[in-house]
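The values are calculated or read from the model by the stated rules, or taken from the named source; none is laboratory data. Computed from a prediction, not measured in an experiment: that's the story for all the values here. We place every Cβ from the backbone using ideal geometry, glycine too, and count neighbours over all the protein chains shown. Accessible surface areas use protein heavy atoms only, side chains included; no ligands, DNA or RNA. Shrake-Rupley method; radii C 1.70, N 1.55, O 1.52, S 1.80 Å.
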Amino acid sequence: MIEIQDNGKGMKGEMLRDKAVAKGLLSPEQAGQLSEDECLQLIFLPGFSTKDQISDISGRGVGMDVVKTNIQNLNGRIEIESEPGKGSKFTVLLPLTLAILPVLMLKLDEQIYSLPLSCVKEIIPVEKEKIQDVNNKPTLVVRGEVIPLLDLATLIGKETKNKNKVGVLAISGNKKCILAVDTLVGQDEVMIKPLEGVKPAGVAGATLSGEGELVLVLELRELLDKML
């Protein structure tokens with residue numbers, strides 16, 4: 001994760017939306033349906049620029065388009081936060097490839113998965129009588145804080161007959177959850193390798209366990225984006 005932040009004048013979603021309509025990149029109807037975050041993403045449209053006049057270095061609407069295209073070519077993404085009068089922050093998220101990473105090994109049925117240890121805060125027993133439904137979604141209360149309880153098997157689209165018994169309190173950015181898994185295997189340091197030709201959602205890559213078993217390394221942010 002690479003963060004680039006400035007203390008400039010920031011960006012207004014309404015102004016970006018109006019510019020996109022004026023340049024013919026969006027219809028007024030399309031623009032009217034955009035959220036504030038979607039308005040900020042308009043700066044990546046080919047041909048979009050906030051400049052009224054073209055100079056040698058700006059105004060053609062190709063710079064940010066090239067940035068996003070190259071990040072996507074690396075299977076990454078870019079996010080924007082901006083506050084008028086205070087500045088903007090760009091977050092570039094690139095997948096883990098050939099990196100040695102401390103991980104927590106988890107198990108669903110007989111398959112082992114791993115989660116970067118930097119995301120893991122603590123291990124919590126999942127007791128059925130303590131699960132509470134909030135807005136029809138299961139949660140657990142940890143030291144007075146209500147935290148969503150997510151079934152890892154559901155997140156990765158895997159059917160499991162086992163009843164989840166262990167919870168992993170994990171944090172990614174400003175999102176927090178408890179991942180319910182069958183069992184914990186332990187901690188390890190692994191070398192992550194990309195899966196050539198395929199990029200399953202929520203998977204950063206793969207590694208081998210000490211016993212030679214294939215272990216998928218989970219990408220928590222992608223998993224949580226599907227549910228939270």
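For (1) under 11 Å from the mean Cα position of the chain (by Cα); (2) among the β-branched types (Val, Ile, Thr); (3) in a strand (DSSP E or B); (4) on the phi < 0 side of the Ramachandran plot, each residue gets a yes or a no:
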| site | (1), (2), (3), (4) |
| --- | --- |
| 185 | no, yes, yes, yes |
| 189 | no, no, yes, yes |
| 192 | no, yes, yes, yes |
| 197 | no, no, no, no |
| 206 | no, no, yes, yes |
| 212 | no, no, no, no |
| 216 | no, no, yes, yes |
| 222 | yes, no, no, yes |
| 225 | yes, no, no, yes |
Discussion item. Exactly one condition in (1) open to solvent by less than 10 Å² (accessible area, probe 1.4 Å); (2) at pLDDT 85 or above is false for residue 202; which is it?
Written reply: (2)
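Among the residues of segment 163-181, is there at least one that is open to solvent by 80 Å² or more (accessible area, probe 1.4 Å) and either under 18 Å from the mean Cα position of the chain (by Cα) or not charged (D, E, K, R) (or both)? Give the steps one after another, and end with the answer.
Of segment 163-181, the ones open to solvent by 80 Å² or more (accessible area, probe 1.4 Å) are 163, 165, 174.
Still in the running and either under 18 Å from the mean Cα position of the chain (by Cα) or not charged (D, E, K, R) (or both): 174.
Yes, segment 163-181 contains at least one residue that is open to solvent by 80 Å² or more (accessible area, probe 1.4 Å) and either under 18 Å from the mean Cα position of the chain (by Cα) or not charged (D, E, K, R) (or both).
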Worksheet item: Here is a list of conditions, (1) within 23 Å of residue 124 (Cβ to Cβ); (2) surrounded by fewer than 17 Cβ atoms within 10 Å (Cβ to Cβ), and residue 218 meets all of them except one; can you say which number that is?
Response: (2)
Worksheet item: Which condition breaks for residue 137 when tested against (1) free of Cβ contacts under 8 Å to residues at least 24 places away in the same chain; (2) more than 30 Å from residue 81 (Cα to Cα)?
Response: (2)
Worksheet item: When you go through (1) open to solvent by 80 Å² or more (accessible area, probe 1.4 Å); (2) of a type in the set (D, E, K, R); (3) under 19 Å from residue 201 (Cβ atoms) one by one for residue 77, which number turns out not to apply?
Response: (1)
Discussion item. Tell me whether segment 94-112 contains one or more residues that are closer than 30 Å to residue 8 by Cβ, of a type in the set (S, T, N, Q) and either within 20 Å of the chain's Cα centre (by Cα) or not in a helix (DSSP H, G or I) (or both).
Written reply: no
Worksheet item: When both residues are 6+ apart or on different chains and their Cβ atoms are under 7 Å apart, which pairs have a first residue that lies in segment 1-20 and is within 14 Å of residue 45 (Cβ to Cβ), and a second that is part of a helix (DSSP H, G or I) and of a type in the set (Ser, Thr, Tyr)?
Response: none
Worksheet item: Taking segment 133-162 as the region of interest, how many residues are open to solvent by 10 Å² or more (accessible area, probe 1.4 Å), part of a strand (DSSP E or B), among the hydrophobic types (A, V, I, L, M, F, W, C) and under 18 Å from residue 225 (Cα atoms)?
Response: 2
Worksheet item: Going by the conditions given, is residue 142 touching a strand residue (DSSP E or B) at 6+ places or on another chain (Cβ under 7 Å) and without any contact (Cβ under 8 Å) to a residue 40 or more places away in the chain?
Response: yes
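Need at least 3 residues that are open to solvent by less than 80 Å² (accessible area, probe 1.4 Å), farther than 20 Å from residue 78 by Cα and not basic (Lys, Arg) per element, so show me which helices (runs of 4 or more DSSP H) inside segment 1-54 make the cut, counting only ones lying wholly within it.
Details: elements: 13-22, 28-32, 36-40.
Correct list: empty, since no element meets the threshold.
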